[in-house]
Each structure stands twice: as structure tokens, then as C-alpha cells.
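To start, the structure itself, in C-alpha cells.
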Amino acid sequence: MGTSYRVDLATAELSLGERAEAGRELDIVLAMLNRMIAAGVERYATYELRAKVYALKGRSDDAMRDLDKAAALGWHRVWWARHEPYFAGLESRGDYQALLTRVAASDEKLIERVQSDPAL
């Protein structure tokens, strides 16, 4: 079973009130991600996924730390962050909203640059 499947399964279980089952799935994913990061994996997707796990587990500060790291590594999935259920628990946080705003502004600058430079 893949990690994304486990996170999706845990999200569904949480929506059904099955916290223990969701916790088991999230703990499996978290352990794998922690091993990857400890081994030196430095990719935005790794930190984004761990941020999702932390957010679903209610560990908002840890989720924000990893989402900030993901953004520093090139994460640009603002639209998804606003529409998928994983970060719903972070929506009331000012630092979360500020991060999304900052990344979206960076994306807009990149879009403008690409549109104005035919060589890109």
C-alpha cells in the first residue's frame, strides 16, 4: 500500500470518526517519512507529505514547520492546499494564510516573467 493511499485512507477514516485507525495509518507514513528525511532526502514533496500527516494528526506547529520547509524547497501547490482536506486544520492560522499568500505571489511573478519573455 502506497503512502498517498494511506494518507487518503486516514483522511477518510477521520471523516468517519475512526481516529484510532487513521492514527495507525498516519503513524506508518510518518515513520517512513522520518526515515527518508533522516537519510538525507531533501525534496519539497517529502516535507509536504509529512506536513499533511502532521496536520491530520493535529500537530499544527509541526505541519507549519514542514510546509515552510517545503516552500523553501520549491513547493507551489497553493491551489491544492486550499482545496484538499489535508490542511483544513491550518486554515485559521495566520502563518498558514501568510505562507499561501507568499507562495501565490511568487507564482504570479513567475507567471508574469514567463509570459513576458518569449525565450522561456
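The values are calculated or read from the model by the stated rules, or taken from the named source; none is laboratory data. These numbers were taken from a predicted model, which means no experiment stands behind them. Methodologically, a virtual Cβ is constructed for each residue, glycine included, from the backbone with ideal geometry; neighbour enumeration extends over all protein chains shown. Accessible surface areas use protein heavy atoms only, side chains included; no ligands, DNA or RNA. Shrake-Rupley method; radii C 1.70, N 1.55, O 1.52, S 1.80 Å.
What to note about this one:
- Note on the chain: Kirkwood hydrodynamic radius from all Cα pairs is 15.2 Å, rounded to one decimal.
- Mean separation of Cα contacts under 8 Å (6+ apart) over length of the chain, as relative contact order %: 19
- Whether the range 21-65 is rounded, prolate or oblate, judged on the alpha carbon gyration tensor where a/c under 1.5 counts as rounded: oblate
- Applying 1/(1 + (r/R0)^6) with R0 = 22 Å to the Cβ-Cβ distance of R82 and L16 gives a FRET efficiency near 0.40.
- Note on the range 1-33 and the range 45-103: Cα centroid distance 17 Å, given to the nearest whole angstrom.
- FRET efficiency, 1/(1 + (r/R0)^6) with R0 41 Å, evaluated for R113 and R24 via beta carbons: 0.35
- Comparing T11, T46, T101 in a Gaussian network model of the chain, where Cα atoms under 10 Å apart are tied by springs, the biggest mean-square fluctuation is seen for T101.
- Sites listed here are GluC sites (Glu not before Pro) in the range 28-120 whose DSSP assignment is loop and whose Cβ has at most 16 other Cβ atoms within 10 Å: E42, E91.
- Using a Gaussian network model of the chain in which every pair of alpha carbons under 10 angstrom is joined by a spring, one finds that among A38, A55, A81 the greatest mean-square fluctuation is at A38.
- Å² per residue, accessible surface of the chain at 1.4 Å: 58
- Working from label points 7 Å from Cα in the Cα-to-Cβ sense, the A72 to M36 distance is 1.9 nm.
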